[in-house]
1. What do you reckon, is Glu213 touching an Asp or Glu at 6+ places or on another chain (Cβ under 9 Å) and either surrounded by fewer than 15 Cβ atoms within 10 Å (Cβ to Cβ) or among the charged types (D, E, K, R) (or both)?
2. Select from the stretch 156-188 the residues that are free of Cβ contacts under 8 Å to residues at least 40 places away in the same chain and among the acidic types (Asp, Glu) and list them in ascending order.
3. Only residues that are farther than 16 Å from Glu87 by Cα and not aromatic (Phe, Trp, Tyr): list them for the stretch 41-68, please.
4. Any chance the stretch 45-60 includes a residue that's open to solvent by 60 Å² or more (accessible area, probe 1.4 Å), more than 12 Å from the ligand (Cβ to nearest atom), in contact with a helix residue (DSSP H, G or I) (Cβ under 7 Å, 6 or more places away or on another chain) and farther than 30 Å from Gln215 by Cα?
5. Which condition number does Asp106 fail, the rest of (1) within 16 Å of the ligand (Cβ to nearest atom); (2) outside any helix (DSSP H, G or I) being met?
6. Any residue in the stretch 9-22 that is within 13 Å of Tyr127 (Cβ to Cβ) and basic (Lys, Arg) sitting within a Cβ distance under 8 Å of a residue that is modelled with pLDDT of 95 or more and assigned to a loop (DSSP other than H, G, I, E, B)? List the pairs, counting only those 6 or more apart or interchain.
7. In the list Phe32, Phe67, which residue meets the criterion of being in a loop (DSSP other than H, G, I, E, B), modelled with pLDDT of 95 or more, of a type outside the set (Gly, Ala, Ser) and within 16 Å of the ligand (Cβ to nearest atom)?
Amino acid sequence: MRYEGNIFRPPSEARSYILQVTVGCAHNKCTFCDMYKDKKFHLRKLEDVLEDLRMARKYYSRVDKIFLADGDALCLKNEKLLAILAEIRRIFPECRRVGIYGSARDVRRKTPEELAELRGSGVGIIYIGAESGSDKVLSAICKGSTRAELIEAVRKIEDADIASSVTFISGLAGRDGWREHAVESGTMISEMEPSYVGLLTLMTGPGAPLTKEIQEGRFQLLSPQEVMLETELMLEHINVNRPCVFRSNHASNYLSLKGDLPQDKERMLSQIRYAKEHADVLKEEYFRML
Ligand code: SF4
């Protein structure tokens with residue numbers, strides 16, 4: 001119940017109890033992100049985390065889901081994560097699912113057995129930011145992971161029977177690289193076959209290095225219509241053989257899309273094609289937010 005700095009969580013964890021186990025992001029270098037730029041990364045003491053759980057029990061009569069924050073809480077050693085998960089089971093026996101942010105590096109460091117242990121102890125979903133399937137874009141934004149590493153990480157999560165929720169960002173390659181970003185992201189999703197894909201649209205905060213590039217004219221943002229072209233191209237290149245929930249219903253998106261792939265692909269493409277011809281269905285700029 002004690003939080004250090006601003007707390008972020010995925011939209012689907014809006015109703016979850018947020019337990020801060022790390023402060024900040026161990027990577028903290030992505031050029032579009034300023035979420036944790038004001039925090040020096042550190043791990044919270046185990047006793048403080050466990051004490052927070054006991055405090056939360058006094059406030060919440062029912063907790064269905066718990067989300068472990070901050071940036072990449074999965075960087076914790078399994079020993080510490082398992083201690084936290086055991087206490088969650090003891091104090092919140094009604095909790096159905098624990099979610100956590102993780103980087104590709106964190107996942108790749110875990111053995112399949114360690115991921116299976118986390119699954120067996122309640123971790124049901126790992127959120128991972130891929131942002132783009134293009135190595136060129138990943139390098140430009142200082143993601144710290146390659147396309148191959150991201151694919152490997154997501155496959156490893158899914159193989160451990162944990163759902164992966166992978167984020168991509170429309171407009172992240174600007175006007176120069178949108179086609180490559182779209183095609184490579186679509187084909188990457190096809191190779192990863194994650195349980196969930198979340199598509200945001202680029203918005204940068206004042207502390208993000210990319211904001212400076214935009215202000216100085218070195219990076220051109222896409223117009224709403226160009227975002228539609230990019231999203232259409234991305235979706236055209238997604239071909240999955242197992243169920244994948246696709247959502248672009250974040251507050252930053254111009255057009256809200258939600259569907260189950262592969263069966264809803266044509267319906268969502270029709271929505272995008274309609275929006276290309278009817279700009280009035282797109283969200284106004286002033287309604288967008290991070
Ligand atoms: S996007 Fe994620 S990994 Fe990159 S700096 Fe922000 S929190 Fe860290």
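1. Answer is no for this residue.
2. Glu158
3. If the condition is that a residue be farther than 16 Å from Glu87 by Cα and not aromatic (Phe, Trp, Tyr), then His42, Leu43, Ser61 are the ones that fit.
4. Among the residues of the stretch 45-60, at least one is open to solvent by 60 Å² or more (accessible area, probe 1.4 Å), more than 12 Å from the ligand (Cβ to nearest atom), in contact with a helix residue (DSSP H, G or I) (Cβ under 7 Å, 6 or more places away or on another chain) and farther than 30 Å from Gln215 by Cα, which makes the answer yes.
5. (2)
6. Close Cβ pairs satisfying both conditions: Arg9/Ser16.
7. Going through Phe32, Phe67 in turn, just one is in a loop (DSSP other than H, G, I, E, B), modelled with pLDDT of 95 or more, of a type outside the set (Gly, Ala, Ser) and within 16 Å of the ligand (Cβ to nearest atom): Phe32.
For (1) open to solvent by 20 Å² or more (accessible area, probe 1.4 Å); (2) touching a strand residue (DSSP E or B) at 6+ places or on another chain (Cβ under 7 Å); (3) over 20 Å from Glu184 (Cβ atoms); (4) in contact (Cβ under 8 Å) with a residue 60 or more places away in the chain, each residue gets a yes or a no:
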residue	(1), (2), (3), (4)
Asn241	yes, no, no, no
His250	yes, yes, yes, yes
Pro262	yes, no, no, no
Met268	no, yes, no, no
Gln271	yes, no, yes, no
His278	yes, no, yes, no
Arg288	yes, no, yes, yes
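The values are calculated or read from the model by the stated rules, or taken from the named source; none is laboratory data. Every value quoted in this text rests on a predicted model; they were computed, and no experiment measured them. Every residue, glycine as well, gets a Cβ built from its backbone with ideal geometry; the counts of neighbours run over all protein chains shown. These accessible areas exclude ligands, DNA and RNA; they are computed on the full protein's heavy atoms, side chains included. Shrake-Rupley method; radii C 1.70, N 1.55, O 1.52, S 1.80 Å.
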